[in-house]
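Comments concern the structure below.
Read-outs: derived from the displayed coordinates by stated rules, not from any lab. Nothing here was measured: the structure is a model prediction, and the numbers come from that model. Every residue, glycine among them, receives a Cβ derived from its backbone with ideal geometry; neighbour counts consider all protein chains shown.
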Amino acid sequence: MENTRFFEKHKSLNAKIVEFAGYAMPIQYTSIIQEHKAVRTSVGVFDVSHMGEVFIRGEKATQFVQKITVNDVSKLFPGRVQYSAMCYEHGGIVDDLLVYCISATEYLLVINASNIDKDYQWMVANNSEGVEIDNQSKNYSLLAIQGPNSRKIVEKVFNMTVDIEYYHFMYGKLGDTDFIVSRTGYTGELGFELYFKGDDAAASYLWDKVFEAGQEFNIQAVGLGARDTLRLEMGFCLYGNDIDQDINPLEAGLSWITRLNKSDFIGREALLKVKADGLKRKLTPLTGDEKIVPRHGYEIHSEGKTVGYVTSGTLSPMLDKPIAMAFVDTTILNEGKPLQFFIRGKEYAANIVKLPFIEQQ
């Protein structure tokens with residue numbers, strides 16, 4: 001397993017370390033519930049340095065990114081970020097990602113840790129524009145600061161005003177290290193992500209500065225366990241659970257980022273056919289009335305028959321009840337038939353709700 005540049009900090013906090021995408025990563029420090037609530041009520045810090053960073057450069061950079069992603073890159077300008085996805089020709093999802101517009105000739109694509117090699121090879125294979133595809137994933141570290149008090153901490157650390165809108169970024173400097181300061185994140189809370197190239201000393205210095213600045217807000221280190229429950233409360237997709245190469249963005253509820261009216265992109269023809277034929281299944285948010293945990297792969301029943309399966313599920317720390325995303329047969333949804341979670345041989349009522357699962361302030 002590889003270590004991030006914050007690994008010694010995780011060890012010093014007695015984090016529970018697990019293997020994730022080839023990295024030794026903290027799953028939790030205290031408890032998932034405590035860390036989850038810290039982000040919802042004050043502020044938490046995540047090491048997400050395992051994520052991938054690939055730079056696209058060249059005169060045809062915009063044309064290339066427009067071709068390989070489903071969202072409309074022409075809407076971007078320097079300092080703007082876009083949530084998007086890449087699809088195969090058949091419409092299945094290569095990965096979901098963030099597109100950072102650095103300039104008209106340079107973009108940063110932030111991809112999922114478990115997909116870095118696959119994504120890079122797929123980009124290279126589709127590079128008919130002759131752009132430079134620079135995989136800098138091993139060289140970048142990434143610290144996410146999430147929660148209602150996150151802006152105050154970031155401003156203290158960099159000694160500057162961080163007045164940027166959601167899905168925008170700016171630049172900062174700490175010591176001799178340059179940063180991309182991005183208002184993104186996957187928790188549903190106010191939050192910022194700090195990208196930088198630097199050694200262990202630079203990472204340690206940043207970590208200490210962040211925790212010093214956040215001491216008055218009872219800042220918490222947060223592991224991947226709470227990162228998952230936080231994103232699920234918002235209904236955000238996780239690659240490998242809710243989306244993959246056999247799932248298209250329309251059935252996954254990502255039609256809002258899939259610009260079928262833009263000029264040709266990889267997978268467009270297949271997705272137009274999916275839309276014309278109608279969806280056979282749909283990613284559906286569900287809650288339960290009893291304290292059960294609907295885990296990935298559990299069946300969804302209706303009238304004693306299997307009509308779908310859970311992609312992500314947990315007991316929501318904020319709602320104190322089960323929440324889940326599940327693919328469900330659209331025929332059943334259209335008929336309004338009751339649904340049940342099927343767990344260890346027993347059925348439990350599953351209620352269809354709207355996203356997000358929790359109300360934001």
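Can you tell me which residue within segment 200-256, out of those that are polar (S, T, N, Q) and within 14 Å of the chain's Cα centre (by Cα), is surrounded by the fewest Cβ atoms within 10 Å (Cβ to Cβ)? Out of the qualifying residues, it is 241. Condition (residue is among the acidic types (Asp, Glu), buried (at least 22 other Cβ atoms within 10 Å of the Cβ) and either out of contact with any Pro (no Cβ under 6 Å at 6 or more places or on another chain) or at positive phi (or both)) applied to segment 55-63: is it met by at least one residue? No, the conditions are met nowhere in segment 55-63.
For segment 162-177, the criterion of being over 20 Å from the mean Cα position of the chain (by Cα), over 24 Å from residue 236 (Cβ atoms) and among the polar types (S, T, N, Q) is satisfied by at least one residue.
Taking every residue in segment 57-83 that is without any contact (Cβ under 8 Å) to a residue 12 or more places away in the chain and pairing it with any residue that is of a type outside the set (D, E, K, R), at least 6 positions away or on another chain, the pairs with Cβ-Cβ distances below 9 Å are 75/82.
Within segment 38-84, the set of residues being of a type in the set (A, V, I, L, M, F, W, C) and touching an Asp or Glu at 6+ places or on another chain (Cβ under 8 Å) comprises 39, 48, 54, 55, 56, 61, 64. List pairs: first residue in segment 190-211 and more than 16 Å from residue 48 (Cα to Cα), second residue surrounded by 22 or more Cβ atoms within 10 Å (Cβ to Cβ) anywhere in the structure, Cβ distance under 6 angstrom, at least six positions apart or on different chains. Once the first residue is more than 16 Å from residue 48 (Cα to Cα) and sits in segment 190-211, its partners that are surrounded by 22 or more Cβ atoms within 10 Å (Cβ to Cβ) give 190/150; 209/157; 211/219. Under the condition of being closer than 30 Å to residue 191 by Cα and among the aromatic types (Phe, Trp, Tyr), which residue from segment 327-361 is surrounded by the most Cβ atoms within 10 Å (Cβ to Cβ)? Once the filter is applied, the top-ranked residue is 357.
In this structure, does residue 124 turn out to be part of a helix (DSSP H, G or I) and crowded, with 23+ Cβ neighbours inside 10 Å? When the stated conditions are applied, residue 124 does not pass them. Checking segment 163-179 against the condition returns no match, with no residue being touching an Asp or Glu at 6+ places or on another chain (Cβ under 6 Å), touching a residue at least 12 places away in the same chain (Cβ under 8 Å) and surrounded by 18 or more Cβ atoms within 10 Å (Cβ to Cβ). In segment 265-287, the residues that are within 20 Å of residue 67 (Cβ to Cβ) reach residues that are acidic (Asp, Glu) with C-beta atoms within less than 9 angstrom, at least six apart or across chains, in these pairs: 266/89; 267/89; 269/89; 270/89; 274/251.
Condition check ((1) out of contact with any Asp or Glu (no Cβ under 9 Å at 6 or more places or on another chain); (2) more than 20 Å from residue 233 (Cα to Cα); (3) without any contact (Cβ under 8 Å) to a residue 12 or more places away in the chain) across all residues:
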{"site": "11", "(1), (2), (3)": "yes, yes, yes"}
{"site": "16", "(1), (2), (3)": "yes, yes, no"}
{"site": "28", "(1), (2), (3)": "no, no, no"}
{"site": "31", "(1), (2), (3)": "yes, no, yes"}
{"site": "36", "(1), (2), (3)": "no, no, no"}
